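The values are calculated or read from the model by the stated rules, or taken from the named source; none is laboratory data. Here the structure is a predicted model, which is why all the values come from computation and not from measurement. Methodologically, a virtual Cβ is constructed for each residue, glycine included, from the backbone with ideal geometry; neighbour enumeration extends over all protein chains shown. Accessible surface is based on the protein model in full, side chains and every heavy atom, while ligands, DNA and RNA are left aside. Shrake-Rupley method; radii C 1.70, N 1.55, O 1.52, S 1.80 Å.
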Amino acid sequence: MRETDSGPKSGTLSGWLSYLEHLHPAAIEMGLERVNRVRNKMGLASSFPVIIVGGTNGKGSTCAMMEAILSCAGYRVGCYTSPHLLRYNERVRISRQEASDGELCSAFDVVESARIGSGVSLTYFEFGTLAAMQLFDQAGVDVAILEVGLGGRLDAVNIFDADCAVLTSIDFDHMDYLGDTREKIGFEKAGIFRSGRAAICAEPDIPASVRHHAHAIGADLMHMGEHFGYSANAADATLWGYWGPGGKRHSLPHPALRGAYQLRNASACLAALDIVRDRLPVTMSDVRQGLLDVTLTGRFQVLPGRPATVLDVAHNPGAAHALAINLGAMGRYRKTYAVFAMLKDKDIAGVARALAGKVDIWLTAGIDAPRGASANEVKQALEAAGVDGGGEAIRAFPHPAVAYAYACEQAAENDRICIFGSFHTVAEVLRYRNKVEHG
């Protein structure tokens, strides 16, 4: 079979992914018409509940918590997230196990046959979304959790009707596609709401556009602080309480994901589970165990050993602000080294400003990807934003791994190294560490 008409010759996952990267003329093309045509050709219809999670930040954490709790309750859970860090397989999980290369290739083959029959092209993300749902349908999952890739209204996952939609936060990112105000961005993200179904919003400062859209289509909007929320435990700082449509849950353990902001994500997760409790009931024991079991690489992840090493995929000012708060809560360190690399279409200066007070030495790096900024471009953005090197010159390195190796050489035991700015940045450092540790 020729790569130009029916998939890669090799039939390997790497061959398929290379094929998908070049299948569509644009990496991102908003719209649902093409992907819907292929879905209809596949005859793909979800017979299981679907929970769609959108938002600027917090999507991955919320999906992971929901997946963990439902899995602890004994459900067969399909979870589709993006982007991945080290392996594409991370994007598609069934019963908390990554889909195998063979399973993904088989699903891609099904999508490709339908795509050719429909006479349309698909983006990498659109193709992957259909493949994930094909696998979930084939596996007979009890529930599918789908993370929005970009926006919501015109994102590929939105071809599926959410039994419950979740918006974790609304902030500035992807403004070329979603608009340059929170009202415009909120409207795009609210596109995952459905008439007569619950729409959970954990954003404290909810834009009017989100409320208006929910009202216009008849969605049941449930807002943090009005319909659900959380509170600290006065007697024990390690515990917290939740209240929502299903009642109150007391003495819950903090999620295994670090950061005080995770309670907001956990509350949104529990509110969604309250909504689907008639079809997917969970016990207090399931909730507690799921919160303790949840894992998610690269979200304020503190690695063992010294100097302290923090990995965070923060790539917009909102996420960077949360990272700054978490770094401040870690305690005192002699120096903090920042390994900092971003995509050129992101707000590099805004991220740097959010973290300026927490970083002593900036080590900029380039990302080897089509949208990647060079080390010098990142350095220039820092300088233009008025962020200095903490009394030292900002150093530029060709790749994040090189910058990280330098930080390891320079940092003392009571120093800290923080790697952030992009999934690419964290992934490259993780690959480097794995290579050093395992040879």
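Loop-only trypsin sites (Lys or Arg not before Pro) in the stretch 348-410, please: DSSP not H, G, I, E or B, and at most 15 other Cβ atoms within 10 Å.
Hits after loop and neighbour filter: 371.
Considering the convex hull of the alpha carbon atoms of the stretch 2-111, report its projected area averaged over all viewing directions, in nm², one decimal.
Its Cα hull, projected and averaged over all orientations, spans 8.2 nm².
Is there a quick way to get the dipole size of the chain? I mean about its Cα centre, with the Cβ of Lys and Arg at +1 and of Asp and Glu at -1; what is the value in debye to the nearest 20?
520 debye
Can you tell which of 350, 74, 54 shows the greatest fluctuation in a Gaussian network model of the chain with Cα springs below 10 Å?
74
In whole Å, how far is the Cα centre of the stretch 328-405 from that of the stretch 121-145?
Cα centroid to Cα centroid, the span is 36 Å.
What number comes out for accessible area per residue over the stretch 141-283 if the probe is 1.4 Å? Units Å², please.
Details: 5670 Å² over 143 residues.
Here the per-residue accessible area is 40 Å².
Using a Gaussian network model on the chain with a 10 Å cutoff between Cα atoms, which of 236, 161, 180 fluctuates the most?
236
What base-10 log of the normalised intensity I(q)/I(0) is obtained for the stretch 352-439 from the Debye formula, alpha carbons as equal point scatterers, at q = 0.21, 0.25 Å⁻¹?
-1.08, -1.44
Convert each backbone phi in the stretch 301-316 into a coupling constant with the Karplus relation 6.51 cos²θ - 1.76 cosθ + 1.60 (shift: θ = phi - 60°), then list the ³J(HN,Hα) values in order as whole Hz, x for Gly and Pro.
8, 9, 7, x, x, 10, x, 4, 10, 10, 10, 8, 7, 3, 9, 8
What whole-number distance in Å separates the alpha-carbon centres of the stretch 179-227 and the stretch 4-68?
Rounded to whole Å, the Cα centres lie 24 Å apart.
Lys/Arg Cβ at +1, Asp/Glu Cβ at -1, dipole of the chain taken about the Cα centre: which of 26, 77, 170 is farthest positive-ward?
77
Would you kindly derive the ³J(HN,Hα) couplings of the stretch 11-28 from the backbone phi angles with the Karplus curve 6.51 cos²θ - 1.76 cosθ + 1.60 (θ = phi - 60°), listing them in order in whole Hz, with x for Gly and Pro?
Values, residue by residue: x, 8, 4, 4, x, 4, 5, 4, 4, 5, 5, 10, 5, 10, x, 10, 5, 10 Hz.
Per-residue HN-Hα couplings for the stretch 206-212, Karplus 6.51 cos²θ - 1.76 cosθ + 1.60 at θ = phi - 60°, whole Hz, x for Gly and Pro?
Result, rounded to whole Hz: 6, x, 4, 4, 5, 4, 5.
Roughly how many percent of the accessible protein surface of the stretch 74-185 is carbon and sulfur, given a 1.4 Å probe and a whole-percent answer? Before the final figure, lay out the partial values.
Numbers: 1660 of 3690 Å².
Carbon and sulfur: 45 percent of the exposed surface of the stretch 74-185.
Rank these by accessible area, largest first, 1.4 Å probe: 296, 44.
296, 44
If you put +1 on each Lys and Arg Cβ and -1 on each Asp and Glu Cβ, how big is the dipole of the stretch 355-406 around its Cα centre, in Debye rounded to 20? Walk me through the numbers before you get to the answer.
Values: 4 positive and 6 negative charges, 25 e Å.
Dipole about the Cα centre, nearest 20: 120 debye.
At q = 0.15, 0.20, 0.21 Å⁻¹, what log₁₀ I(q)/I(0) does the stretch 261-402 have when each alpha carbon counts as one equal point scatterer in the Debye sum?
Each listed q maps to, in turn, -0.81, -1.20, -1.29.
Explain nothing, just the number: dipole magnitude of the stretch 140-198 about its Cα centre with +1 on each Lys and Arg Cβ and -1 on each Asp and Glu Cβ, in debye rounded to the nearest 20.
220 debye
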